[in-house]
1. Of the conditions (1) loosely packed, with under 11 Cβ neighbours inside 10 Å; (2) more than 30 Å from residue 157 (Cβ to Cβ); (3) among the small types (Gly, Ala, Ser), residue 241 clears all except one; give me its number.
2. Among (1) touching a Ser or Thr at 6+ places or on another chain (Cβ under 8 Å); (2) not in a helix (DSSP H, G or I), there is one condition residue 273 misses while meeting the rest; what is its number?
3. Considering only the stretch 1-18, how many residues are free of Cβ contacts under 8 Å to residues at least 60 places away in the same chain, over 20 Å from residue 117 (Cβ atoms) and in a loop (DSSP other than H, G, I, E, B)?
4. Select, from 191, 179, 263, the only residue that is at pLDDT 80 or above, β-branched (Val, Ile, Thr) and loosely packed, with under 13 Cβ neighbours inside 10 Å.
5. What do you reckon, is residue 110 assigned by TED's automatic domain parsing to the domain that holds residue 218, surrounded by 12 or more Cβ atoms within 10 Å (Cβ to Cβ), in contact (Cβ under 8 Å) with a residue 24 or more places away in the chain and touching a helix residue (DSSP H, G or I) at 6+ places or on another chain (Cβ under 7 Å)?
Amino acid sequence: MKKIYLTVDDHLTEINTLEKGCWVHLQNPTREEIEGLNARFALDPTYLQAALDEEESARIERDGDQTLIIVDIPYVEAEDNGYSYSTIPMGIVMVDDVIITVSTRVTPLISDFTEERIRGFWTFKRTRFILQLLNRNATRFLAYLKQIDKSSMLVQERLHKSLRNQELLQMMKLEKSLVFFSTSLKGNEMVMEKMLRMEMLRKYPEDADLLDDVIVENKQAIEMCAIYRDIMSGTMDAFASIISNNLNIVMKILTSLTVVLAVPTIFASFWGMNVRVPFEDSNWGFFVVLGISIVAAVGAFIVLWRKKMF
């Protein structure tokens with residue numbers, strides 16, 4: 001899907017033709033759309049295709065007046081028992097006073113711009129637009145990191161009373177998301193450091209200041225991600241031991257109950273033999289044996305209780 005936007009009278013407007021200063025966004029584009037843009041701007045055929053590879057790493061490439069920037073953006077997907085967090089690449093191509101963005105899926109990052117939730121955004125200010133994209137992307141990472149932290153806290157509350165592995169598996173999934181985030185944020189950081197040396201930023205001091213802010217925001221996300229990973233790793237180890245301890249407690253209680261219930265069984269076995277036994281001629285023999293077995297069972301229970309087996 002291809003959409004073309006242009007800022008007209010300080011408002012973002014969707015247009016049908018390519019114009020100077022416009023923004024072209026490709027979402028999971030067709031081959032015809034890619035080939036059309038490659039032919040129109042004489043693009044390197046690998047530029048637009050690179051962002052469609054979900055294993056592509058963040059980087060910057062320059063070829064004459066063409067610049068390719070690939071950054072990783074956070075992506076969240078709903079599942080049956082929660083949300084799955086991951087990252088996908090997004091390509092940004094600057095050529096002939098036009099900026100092109102490419103992604104494989106619908107992302108809130110692009111929606112923030114198309115729905116005009118970003119202040120001071122104009123499609124014809126390409127460098128500023130890229131920095132605003134990177135800044136909003138870092139903000140999205142921070143927001144999702146907070147969501148992951150809240151999700152881990154909810155799982156931890158369930159882990160206190162859990163004997164199953166489901167909660168630990170959910171924690172492992174969240175930790176996996178943090179690994180993805182950490183790797184992507186470090187890759188984005190390398191891209192931003194390379195952008196600091198680009199000539200286009202030297203022309204506009206305000207853009208250089210904005211890039212510094214973006215780098216700070218990205219570093220904050222990296223630090224938060226590292227902290228959450230350390231906390232979650234330690235929490236998983238602790239709760240793995242708790243689950244094992246809970247299971248041991250249950251097994252101890254069941255074993256103690258088995259011992260208590262085995263005492264009356266012993267008396268029943270003795271008086272059930274096919275030989276002469278005490279009280280067999282007594283009308284109260286059954287109740288006497290029953291009373292003795294109950295007293296013995298209560299005694300066993302008291303002994304085990306004092307030893308904290310219950």
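1. So the condition that residue 241 fails would be (2).
2. Condition not satisfied by residue 273: (1).
3. 3
4. Of 191, 179, 263, the one residue that is at pLDDT 80 or above, β-branched (Val, Ile, Thr) and loosely packed, with under 13 Cβ neighbours inside 10 Å is 179.
5. No: the conditions fail for residue 110.
Yes/no matrix, rows are residues, columns are (1) within 31 Å of the chain's Cα centre (by Cα); (2) over 20 Å from residue 130 (Cα atoms):
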position	(1), (2)
1	yes, yes
11	no, no
17	no, yes
47	yes, no
59	yes, no
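The values are calculated or read from the model by the stated rules, or taken from the named source; none is laboratory data. Keep in mind that what you see is a predicted model, and the values were worked out from it rather than measured. All Cβ positions, even for glycine, are placed from backbone atoms using ideal geometry, and neighbour counts span all protein chains on display.
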